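Peer 1: Let me give you the structure first, and then I'll get to my questions.
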Amino acid sequence: MDSLRRRYEERVALAKAVEARKYVARAEEALAAGDAVSAANALRIASGLAPQDPELQQRAGEAQAKADQVLGEIYARQARYEEKSNHFVEAARSWARVCKVRLDDGFAHERAANALVKAGGDLHEGARLGKRACEIDPRSARARVTLAEVYLAAGADSQCPARARDGRAACAP
């Protein structure tokens, strides 16, 4: 019984290795074509099939970082267009996508919070994004004003009326 199980596990491992090589080849083709997002997806799948390969894990991480950069630009461009068109629900969604790929982009967090206020969206999420924008760039007046607008829209100005009214929303805990 043990030999049967061992042969089965060997075949599964071999099949996973073959599939991982196929996905690595697809990733290399995508990189050659300049498609960082497809390359990152292929390498992510390959690294899942071969989790014991540290070189593949590193390549997958690097490809994902490059894909995040590309996607961040695409999402930001889309969000700016949607803001100009006064489509704030869609702009909030696009800015939120930018925030997911650019974790330390204070401007994106501020714009996402601003769009949520203008769209009448989830103000708890708007406050979280506004606070994060203030954490990233504590000297940004724009982020503080947006956070104050979120608090005012949420009716939370009763908790800190002076700071909310004059745009000095608390960015520190």
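Peer 1: For the range 48-97 and the range 101-117, what is the separation of their Cα centres, given in Å?
Peer 2: Between the Cα centres of the range 48-97 and the range 101-117 lies a distance of 14 Å.
Peer 1: Between E73 and A141, what's the calculated FRET efficiency when r is the beta-carbon distance and R0 is 25 Å? Round to 0.05.
Peer 2: Numbers: r = 26 Å, r/R0 = 1.03.
The computed FRET efficiency comes out at 0.45.
Peer 1: Once you list every other residue whose beta carbon is under 11 Å from the beta carbon of E9, what net charge do they have if Lys and Arg are +1 and Asp and Glu are -1? Walk me through the numbers before you get to the answer.
Peer 2: Details: positive: R5, R6, R7, R11, K16; negative: D2, E10.
So the surrounding residues net to +3.
Peer 1: Can you work out the FRET efficiency for the pair E28 and L103, with r the C-beta to C-beta distance and R0 = 25 Å, to the nearest 0.05? It would help to have the intermediate numbers written out before the result.
Peer 2: Details: r = 28 Å, r/R0 = 1.13.
Efficiency, rounded to the nearest 0.05: 0.35.
Peer 1: Okay, next question. Within 10 Å of each candidate Cβ there may be at most 14 other Cβ atoms; applying that plus a DSSP loop requirement, which trypsin sites (Lys or Arg not before Pro) in the range 111-155 survive? Before the final figure, lay out the partial values.
Peer 2: Numbers: sites: R111, K118, R128, K131, R132, R139, R142, R144; in loops: R139.
Here the sparse-neighbourhood loop sites are R139.
Peer 1: May I ask for the percentage of alpha-carbon pairs in the chain that lie more than 30 Å from each other? Show your work: numbers first, answer last.
Peer 2: On the way: 6124 of 14878 pairs.
Considering the chain, 41 percent of its Cα-Cα pairs are separated by more than 30 Å.
Peer 1: With charges only on Cβ, +1 for K and R and -1 for D and E, what is the dipole size of the chain about its Cα centre, in debye, rounded to 20? Intermediate values should be presented prior to the final figure.
Peer 2: On the way: 29 positive and 25 negative charges, 34 e Å.
For the chain, the charge dipole is close to 160 debye.
Peer 1: So, one more: For the range 99-116, just list the computed ³J(HN,Hα) in residue order, Karplus coefficients 6.51, -1.76 and 1.60, θ = phi - 60°, integers in Hz, with x standing in for Gly and Pro.
Peer 2: 4, 5, 9, 10, 5, 10, 9, x, 4, 5, 5, 5, 5, 5, 5, 4, 5, 5
Peer 1: Pairing the Cα long axis of helix 141-154 with the longest principal axis of the chain, what angle in degrees results, from 0 to 90 and rounded to the nearest 10?
Peer 2: It is inclined by approximately 80 degrees.
Peer 1: Can you compute the helix-only [θ] at 222 nm over the chain? Use -39500 (n - 2.57) per DSSP H run of at least 4 residues, normalise by all residues, nearest 500 deg cm²/dmol.
Peer 2: Working: 8 runs with 137 residues, N = 173.
For the chain, the value works out to -26500 deg cm²/dmol.
Just so you know, all these numbers are worked out from the coordinates, no wet-lab data involved. Predicted model only: the values in this text are computed from it and were never measured. Counting neighbours? That spans all protein chains shown, and the Cβs are built from the backbone with ideal geometry, glycine included.
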